[in-house]
1. Does a label point 7 Å from the Cα of GLN186, set along Cα-to-beta-carbon, have any residues of segment 251-287 with amide nitrogen under 20 Å, and which are they?
2. Assuming a ≥ b ≥ c are the square roots of the Cα gyration tensor eigenvalues, decide whether segment 151-209 counts as rounded (a/c under 1.5), prolate (otherwise, with a/b larger than b/c) or oblate.
3. Please list 152-162, 187-197 highest first by mean number of surrounding beta-carbon atoms within 10 Å per residue.
4. Order 176-184, 164-172, 100-108 from most to least packed using the mean count of other Cβ atoms within 10 Å.
5. Quick one: what are the phi-derived ³J(HN,Hα) couplings along segment 169-175, Karplus 6.51/-1.76/1.60 with θ = phi - 60°, whole Hz, x for glycine and proline?
6. Taking a spot 7 Å from the Cα of LYS210 along the direction of its beta carbon, which residues of segment 163-202 have an amide N less than 12 Å from it?
7. Which of ALA250, SER191, PRO213 sits farthest toward the positive end of the charge dipole of segment 177-276, with +1 on the Cβ of Lys and Arg and -1 on the Cβ of Asp and Glu?
8. Give the long-range amide H neighbours of ASN233: residues separated by 5 or more places, or on another chain, with amide H under 5 Å away, using H modelled in the peptide plane at 1.01 Å from N.
Amino acid sequence: MEKMEIKDLPQVDDWRRKWSFRVYVWGIVGIIILGLWNLVTIAEDGANRQEKMENTPASNETELVPSKSKSKSSPTLTELVIQPIAQSPKFQVIFEYLFYLLLWLLLWLLIPSAFQRLTRFKLFNLEFELDRNQHEVIHVIDQQMRKFKFLTYLMKDENKDVLKTSFDPYLPRFKEALEFTLSKMQSFYLSEWDQHLSFDVMTVEEFETKNFPAAVRKSIDLVDKYQIGVPINKENPEVVHHKNYLVYTASEEENIYTNRAEVIKYVIIISSYRTEFNENDGYLLAGITSLVSELHKRAWENLGLTKLQQKLISEE
């Protein structure tokens, strides 16, 4: 089975995050434009002032010349370097708008940290750890093991017999048995991790009429390519009104050994507001669907053998 690359996974778009990024960029651009406009205005005012001074009569210039008899001390480094910069209108504008940029940057770094669980916050050379889980890797591995143990549990003979009871003895249906098994998966996630899942099994035609996000609709090609469940998580986990999705497809022959036999392509959608899905959930969903498909074929084979036995007995 081809391994799915993480970069291929789609995401449910978060429109709030997109608009906040746009406002952030617009704010920076606006501050820069205002700063440049003020610099141009100051340059024009300086040029006009210089022109007026050149047109001033010589008698007035003599009044502006300071008295040479006044004693004058040698200039210091501050007077030569710092004072001209501090008194320059252009540098005052530059420093003013650099301060606005720094303030805007701090606002957009600090405000989101109050609403999101950040693991690391870095500002220039300062770095802070806000909420780091030391056992995160162990927790992920433990979840993987539990999910595969659940699939192994379903494949035991005694549990297969339980799943077989979900088939109609006279007309076994793949969809009904799959929904029964997915309800077992739903209960397992709830009992193990207190994660609430919803699921839906539908035909491709029914799927196209549903109002799913565009990323979910486009994921069907990925499912057909990799043959495992494709996780589609929302871009920002803190947006509670968006769902995470796990998508898978299965083509199954219904009404086997009858004149109404047909191959139906089903789309399986598992969703949750809080639970984020990963590749292991996709493997688990694919394994469950494959197990139900196998049991579905066996149910029809057993039904065919039963009918054949009944026919032979009636002929005797």
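The numbers here are math on the coordinates, done by the rules we state, and not lab data. Since the model is a prediction, treat every value here as computed from it, not as a measurement. Here the Cβ positions follow ideal geometry from the backbone for every residue, glycine too, while neighbour counts run over all protein chains shown.
1. It comes to 266-278, 281-287, nothing else.
2. oblate
3. Packing order, densest peptide first, comes out as 187-197, 152-162.
4. 176-184, 164-172, 100-108
5. x, 9, 8, x, 10, 5, 4
6. 198-202
7. The residue sitting farthest along the positive end of the dipole is PRO213.
8. VAL12, TYR245
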